[in-house]
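Below is one structure, written out as structure tokens, with a few remarks after it.
The values are calculated or read from the model by the stated rules, or taken from the named source; none is laboratory data. Keep in mind the model is a prediction, meaning the values are calculated, not measured. Methodologically, a virtual Cβ is constructed for each residue, glycine included, from the backbone with ideal geometry; neighbour enumeration extends over all protein chains shown. Ligands, DNA and RNA are excluded from the accessible area calculation, which covers all protein heavy atoms including side chains. Shrake-Rupley method; radii C 1.70, N 1.55, O 1.52, S 1.80 Å.
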Amino acid sequence: MYSRLLDQAHAAFCAPSATVRMLVLALVSLGILGGTWLVYFSGGAQFATLHIMYLPIILSALVFGAAGGLVAGVVSGLLLGPFMPLDVLDGEAQQLVNWLLRAAFFCLIGGIVGIGASALRRQLNRLDWLTEHDPSTGLLNQAGFARLQRQAIECKLVPPERVLVVAQIKNMLDIQNTFGARFTEKLLQQVYARARRIVPANLAIGLIQRDRLAVAFDAIAEARALRAKIEASIRSPYQVDEVPVYVDFAFGAATFPAHGRTFDELLQKSKIAMHAAATRNLPFVLYDTHADASSRETLELLGMISTALANKEFAVWHQAKLRLATGRIAGTEALLRWRHPTRGFIPPGAFIPQAEKTPLIDDLTKWVIGAALTDQAAWRARGHSFGVAINLSVHNLHERSLLKTLHETVTQHSIAPQQVELEVTESAVMDDFDYCVDLMRRLRDLGYRVSIDDFGTGHSSLAYLKKLPVSALKIDQAFVRGLASDQTDQKIVRTVLELARSLNLESVAEGVEDETTLALLKEWGCDYAQGYAVHRPAPFDELLAWLDKPPLNSAA
Ligand code: C2E
Ligand code: CA
Ligand code: CA
């Protein structure tokens, strides 16, 4: 309540409306007339009435500035002059000089208060402006842009459709790291200036973050019309300190009312679209409700992982791998399964790819290591000697404590490291090749087997491949599933098998779904096959029951 009153007073002082000015004018006039009347009827002797004259002068100066103060001073001085006592005690009449001096004194008061008030008002106005603008560019900041858009949207002055476009400079961090902060600041000034030239003057540009600009269009067509101009502008580089710089942008957009009915919702949705454009390397993405629902779902799942670990909702299932030359089981691959109490079975594809970008994957993998190695020890105790394969992701490779946990668990269960295979995807290896080679060498020296998972999808070159200290290549199921009928897949798989042989690596085909594929792989000399035609992933007990069934048995 109190702060609202203060706000209103501040507004009235900084930007007095016409009504306030009229009111003050009336008060000033009343003050001068009233003061004159008081001085006249009181014989001019009253101390209080003398000082009352300052009120209209100060009031006028506060609202109208120095000019207002001077006018009120002159009027008060001239009108009151004849009635001003020279001597307070005997009420002696004013002399002309005294009259003029009074008028000058009133003017001085009015002028000084007016100048002070104007300076203060300018300062307060600047502070006000700063809350909604970026000082170096004069563009609206997020608060200012939001207020403007809220007014347009929430006051219902909106056309049937409105589009909010947010643009992010994708390579700003690179530029800053390479050229430094001063250079980046100069570049940003050029970017903002160019944006201001491209966007029509009647549309506000919001500098919502240092590397993000936002513009609201009245219609999609208006935004589309600008697209060619924007694309041409992006292609032309910037010149800073005689260095040409290419600035890369990602654009995201959301529309009113389809994607949001408030400005905050629209901004959130267009940022989501912009983020999608940046991660998918696309120039422009329009917000997609379905894609967002799935990423919301994924975020929720990520949020539930820690609790799920504590509540023992995870399990490890095993998928057997067949040695084609002998027809015997050579090992299993441990695959994570999540059974949620209310959501039921959650497939690994719904949470592992996202978890792999966070440290959560380390917790999950540690858990898988514990469960998989416990199972291996248990089936070894029942006379089965084959090993187990565990999937590792990039994050895992950089987590020292995880590899320590692996080695401790292997020792704890008295498992020979040769019985443990670590599957690392080809793309993970290519992400940080030198580091991976070094790590794989250390793992191999400790006795572990390392294989390249999903081979054929990660763009590794032969030059890299020959340096990799691995034992096997797992041909991605994309080339294996349709093998029986697809000639191209057949050529690819035969080439990879040849490649593995010439590099002295073992070969594994995953995703083997039919007998024909199994027979072809055997004929071409593939070492191992894994897939539904051999065995579907199953919990420990089912794996053991399946192993006991003829004709399969468990010799490695
Ligand atoms: P992946 O490592 O390539 O695992 C093989 C996937 O193919 C498994 O799916 C398996 O059930 C499925 N599969 C096996 N044979 C066939 C077949 O004949 N046909 C078809 N259509 N599919 C087959 P799953 O268990 O759903 O796992 C999917 C992916 O999730 C895995 O692909 C792996 O990348 C990841 N994943 C699973 N468990 C773990 C884990 O413990 N750690 C990590 N980092 N990733 C895991
Ligand atoms: Ca795998
Ligand atoms: Ca795979």
Given the pairs K357/K466; K474/K522; K312/K366, which span a C-alpha to C-alpha distance of over 21 angstrom in this model? K357/K466
Amide H proximity to A330 below 5 Å, modelled H, separation 5+ or other chain, gives K321, L322, R323
Can you run phi through the Karplus equation (6.51, -1.76, 1.60; θ = phi - 60°) for the stretch 222-239 and list ³J(HN,Hα) in whole Hz, with x for Gly and Pro? 5, 5, 4, 4, 7, 4, 4, 4, 5, 4, 4, 5, 5, 5, 8, x, 9, 10
Would you mind checking which residues have amide H under 5 Å from V245's amide H? H placed 1.01 Å from N; only 5 or more apart, or other chain. Y238, Q239, V240
So how much slack lies between E161 and L127, counting 0.36 nm per residue of separation and subtracting their Cα-Cα distance, in nm? 8.8 nm
Just tell me which aspartates and glutamates come within less than 17 Å, Cα to Cα, of K186; anything on the same chain fewer than 8 places away is out. D134, D174, D211, D241, E242, D248
Relative contact order (percent) for the chain, with alpha-carbon contacts under 8 angstrom and 6 or more residues of separation? 9 percent
Could you tell me which GluC sites (Glu not before Pro) in the stretch 92-191 are loop residues by DSSP with no more than 16 other beta carbons within 10 angstrom of their beta carbon? E92, E161
As a test question: what accessible area, to the nearest 10 Å², does T19 have when a 1.4 Å probe is rolled over all protein chains in place? 110 Å²
Note down, for the stretch 125-178, the three equivalent ellipsoid semi-axes (square root of 5 times each alpha carbon gyration tensor eigenvalue), biggest first, whole angstrom. 27, 19, 6
Summing -39500 (n - 2.57) over every DSSP H run of at least 4 in the chain, dividing by its residue total and rounding to the nearest 500, the 222 nm mean residue ellipticity is -17500 deg cm²/dmol
Accessible area per residue of the stretch 408-544 at 1.4 Å probe, in Å²? 47 Å²
Charges at C-beta only: +1 for Lys and Arg, -1 for Asp and Glu. How large is the resulting dipole of the chain about its Cα centre, in Debye rounded to 20? 680 debye
Quick one: check the C-alpha center-to-center distance for the stretch 104-172 versus the stretch 226-284, whole angstrom. 25 Å
Length released on extending from Q189 to A350, taking residue separation times 0.36 nm less the Cα-Cα span: 53.7 nm
Of L543, L301, V166, whose Cα points farthest to the positive end of the dipole of the chain (charges on the beta-carbon: +1 Lys, Arg; -1 Asp, Glu; origin at the Cα centre)? V166
May I ask you to give the average projected area over all directions of the convex hull of the Cα atoms of the chain, in nm² rounded to one decimal? 40.7 nm²
Distance between the C-alpha centers of the stretch 290-340 and the stretch 476-490? Whole Å please. 25 Å
Treating the angle as unsigned and between 0 and 90°, give the value, to the nearest 10°, between the Cα long axis of helix 400-412 and the longest Cα principal axis of the chain. 30 degrees
Separation of the K466 and V20 label points, Cα + 7 Å toward Cβ, nm: 8.1 nm
Helix 181-198 versus the longest principal axis of the chain: what angle, 0 to 90°, nearest 10, using Cα atoms? 70 degrees
For the stretch 255-272, Karplus-derived ³J(HN,Hα) couplings (6.51, -1.76, 1.60; θ = phi - 60°; whole Hz; x for glycine and proline) come out as 10, 9, x, 4, 9, x, 9, 10, 4, 4, 5, 4, 5, 4, 5, 6, 5, 4
Taking the Cα atoms only, what angle lies between the long axis of helix 96-132 and the longest principal axis of the chain, rounded to 10 degrees? 10 degrees
Under a point spin-label approximation (7 Å from Cα along Cα-to-Cβ), what is the F433-V97 distance to one decimal in nm? 10.0 nm
Using only Cα atoms, locate the centre of the stretch 373-451 and the centre of the stretch 194-218, then give the distance between them in Å, rounded to an integer. 52 Å
What figure, in Å² to the nearest 10, do you get for the accessible area of F345 with a 1.4 Å probe and non-protein molecules left out? 100 Å²
Under the Karplus relation with 6.51, -1.76 and 1.60 and θ = phi - 60°, whole-Hz ³J(HN,Hα) for the stretch 382-390, x at Gly and Pro, equal 9, x, 9, 9, 6, x, 9, 10, 10
